[in-house]
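Chemist: For reference, the structure I am asking about is given below.
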Amino acid sequence: MLGWACLSLQEREGTGYNLHASELASALAARGHAVTYLRSGIDYSLRPGMQVRPRERWRGVDCHDLVNSPNLAIGMFNFRNVAAQVSSPEQSAFIVEWLRGQRAQVVHVHSLEGFGFDLIGAIRAAGLPVVVTPHNYFALCPQVDLLYREVAVCDDYEGGERCLHCLSTPDPAREIWSRRWSQSTPGLVRDGIGRALHRGVVGIANRSESLAMGDDLQDASVDIVMPEPAACHTANPARLNQRVLEGDRHLRVLNNYGHRRAAGSAALSAACAVLCPSKFLLGVHAAMGVARGVLRHVPLGQPHFDAIAEASRQSAFDSRVPWTATDSSRPLRFGFFGSTRYNKGLGVLTSAILALDPPTRARCHFHIRASGDVSAHRAALSAVPQASFCGGYTPWDLPSALGDFDVGIVPTTGLENSPFVVLEHLHGGKFTVASELGGPTDFIKPGINGLFAPAGDPAALAEVIRGLVRGDVSIPSPRDVREASALRCFGNYVDEVVGILGEACG
């Protein structure tokens, strides 16, 4: 397996992507397969050249770090390193030799962040099958999530022209030297003369900038002013899903970023199979040039999904309707689980709560679990006693934490793939209000297991909340929500992946 995050850190590094990859790796090892993992793009050393450094053996998986990758992880740090992202033949040849030494029979790529796109072709040329699970849009978009300036969905990258003004990112050569220095020297050495030497190394890296980038990328760094989380929203236009999935404008190539998209699509097309957790993600990759013959829809399962579903089944309230509009004994409880990252939609929810009329708000309670700095959201809702900020959470908090509310709210403003939070809510039998955008459209059946709200529109979300409080839509029992949802257990998911890996091996 290949990726950029440390498996043993699970969701603490790489969030849902790494939780999925780590659980799958450990499940394969538990079934008796020999599993080796290589991460790249994070670890650097002043020792010249690339090396593979053993990290640990975790749950039966041998974990290694590729040191001194020419491609940085996470993806935003490699934003301006387009030439190396497209083709890093030295790195790819090094990894192929390492795979031969590991006697690998099949390679499962979970992220190309930290690797060159030419790696898949090099592995195939060496006679090894490759399977890819894309957890985001990195092969198609250097920003990773198809977001323009981190906030607006990019439904047309304009052949690469729009990428030039997307992100303010570090010079990759400077970042590599900074990591090599900081990871190789103790803190005391970095003081005094060590710090001066560091500045000199960075200066050399700056003078080498033109070697790392194409001529048309020199002005790619643009200062971005992030919006206030509770005050500014970028409403997405109607039919945005369809706009992303339709048309041939995604295939235009006008500059190096356009060539990057074409190279990423070609790399995935060279794989034996590309396992897409949502139909929407599959459609986006097809629209951007990935061969349809390799794309396969493989919905996710996770151990903590199973634990959530089992906790719901064991509840004495599993077959009961949780709340009705005629219930005057308590408010309708809504739950938000996520982070303060803009595209997760906490700002949209905050504004929607403020937009509610006082009588409606008095019949609600909002249970908010978000990692990150929520001070702006707290301040905005300081006069709203119906909103409670309850801190962050881990996946294993969820079997009990999902009992704290009746209806889940997932007001994302970006093109989510197969969002864990939607699947967690549905496994827990929670009627879920989600944005009609991206991967959630795979799972929500309006009026049956949830409702849609237009993405990035607080007023529309507030009206959905009002409708639930009025009783316009009846909230079903947790058991009915689960039975109406397309869910799968982790064991069945692993069975399917094992079958595909075996098929790739012939």
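Chemist: Rounded to the nearest 10 degrees, what's the angle between the helix 346-355 long axis and the longest principal axis of the chain, both from Cα atoms, 0 to 90?
Modeler: 30 degrees
Chemist: A follow-up question, please. Could you list the residues of region 364-399 with an amide nitrogen less than 19 Å from a label point located 7 Å from the Cα of Ser329 in the Cα-to-C-beta direction?
Modeler: It comes to 364-365, nothing else.
Chemist: Among the lysines, which have Cα under 18 Å from the Cα of Lys430 when same-chain residues fewer than 8 positions away are ignored?
Modeler: Lys445
Chemist: May I ask you to list the aspartates and glutamates whose Cα is less than 19 Å away from that of Lys344, ignoring any residue fewer than eight positions away on the same chain?
Modeler: Within the straight-line limit of under 19 Å, Lys344 reaches these aspartates and glutamates: Glu11, Glu13, Asp145, Glu150, Asp155, Glu228, Asp373, Glu416, Glu424, Glu436, Asp442, Asp457.
Chemist: Relative to the longest principal axis of the C-alpha atoms of the chain, give the angle of the C-alpha long axis of helix 256-269, reported between 0 and 90° and rounded to the nearest 10°.
Modeler: Tilt of helix 256-269: around 80 degrees.
Chemist: Okay, next question. Once you list every other residue whose beta carbon is under 14 Å from the beta carbon of Thr441, what net charge do they have if Lys and Arg are +1 and Asp and Glu are -1?
Modeler: +1
Chemist: Taking 0.36 nm per residue of sequence separation and subtracting the Cα-Cα distance, how much length would be gained by fully extending the chain between Arg12 and Arg31, in nm to one decimal?
Modeler: Gain on extension, Arg12 to Arg31, equals 4.3 nm.
Chemist: Name the shape class, rounded, prolate or oblate, that the alpha-carbon gyration tensor gives for the chain, where a ≥ b ≥ c are the square roots of its eigenvalues, rounded holds for a/c under 1.5, and otherwise prolate holds if a/b is larger than b/c and oblate otherwise.
Modeler: Verdict is prolate for the chain.
Chemist: Lys/Arg Cβ at +1, Asp/Glu Cβ at -1, dipole of region 73-141 taken about the Cα centre: which of Val131, Val96, Cys141 is farthest positive-ward?
Modeler: Comparing the listed Cα positions along the dipole, Val131 ranks first.
Chemist: So, one more: When only DSSP loop residues count, what trypsin sites (Lys or Arg not before Pro) in region 297-391 have their Cβ near at most 13 other Cβ atoms within 10 Å?
Modeler: Arg320
Chemist: What whole-number value in Å² describes the accessible area per residue of the chain for a 1.4 Å probe?
Modeler: 39 Å²
Chemist: Check each of the trypsin sites (Lys or Arg not before Pro) in region 27-97 and keep only those in coil by DSSP with at most 14 other C-beta atoms within 10 angstrom; list them in order.
Modeler: Filter output for region 27-97: Arg31.
Chemist: Got a number for carbon plus sulfur as a percent of the chain's accessible area, 1.4 Å probe?
Modeler: 53 percent
Chemist: Turning to a different aspect of this structure: Assign one of three labels to region 373-506, namely rounded, prolate or oblate, based on the Cα gyration tensor with a ≥ b ≥ c the square roots of its eigenvalues; rounded applies when a/c is under 1.5, prolate when it is not and a/b is larger than b/c, and oblate otherwise.
Modeler: Prolate, because a/c is 1.5 or more and a/b exceeds b/c.
Chemist: Then there is this: If you keep only loop residues by DSSP, which trypsin sites (Lys or Arg not before Pro) in region 458-506 have at most 13 other Cβ atoms within 10 Å of their Cβ?
Modeler: Answer in residue order: no site qualifies.
The values are calculated or read from the model by the stated rules, or taken from the named source; none is laboratory data. Note that the structure is predicted; figures quoted are calculated from it, not measured. No Cβ is skipped: glycine too gets one built from the backbone with ideal geometry, and neighbour counts run over all protein chains shown. Side chains included, ligands, DNA and RNA excluded: accessible areas come from the protein's heavy atoms. Shrake-Rupley method; radii C 1.70, N 1.55, O 1.52, S 1.80 Å.
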